[in-house]
Amino acid sequence: MQPAVWIAIYLPIFTMLFILIPSQQRKIYVARKYKKRRGAIKLSNELIKNCLGKECNISTGSLGSSFNKVKIVEVIDNWIKVESKGKEDLINVDFIQSIKILPEKN
């Protein structure tokens, strides 16, 4: 084969395997390290633990789903167990954008 054919075939593969994929993994690692250093994970779990047993609206972003009038049952590591209408769901804390505590009915 001619060298131009080798370059045309293997250069994109080399670029993807040795340059693009490792740089993306490095960005994810740096973001996680920065988040842990700030203490954001512990802080968010502690704040959510204060909401145990309360009725809330939980939003996971514009493209994600929202959970309306759910009761927070349990918080374990990065997961929240919520209950609504007899159904239980698990929500990953990393994807939560907002939690709104609803006022208690008297």
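The values are calculated or read from the model by the stated rules, or taken from the named source; none is laboratory data. None of the values given here were measured: they were computed from a predicted structure. Here Cβ is always computed from backbone atoms with ideal geometry, including for glycine, and neighbour counts include all displayed protein chains.
Details
- The residue of the range 46-55 that is nearest to Val70 (Cα to Cα), among those that are modelled with pLDDT of 85 or more and either charged (D, E, K, R) or within 16 Å of the chain's Cα centre (by Cα) (or both), is Glu55.
- Candidates Leu102, Leu43, Leu20, Leu63 - the one that is among the aliphatic types (A, V, I, L, M), out of contact with any helix residue (DSSP H, G or I) (no Cβ under 6 Å at 6 or more places or on another chain) and at pLDDT 85 or above: Leu102
- Residues in the range 68-81 that are more than 17 Å from Glu104 (Cα to Cα) and surrounded by 11 or more Cβ atoms within 10 Å (Cβ to Cβ) were compared, and the one that is farthest from the chain's Cα centre (by Cα) is Glu74.
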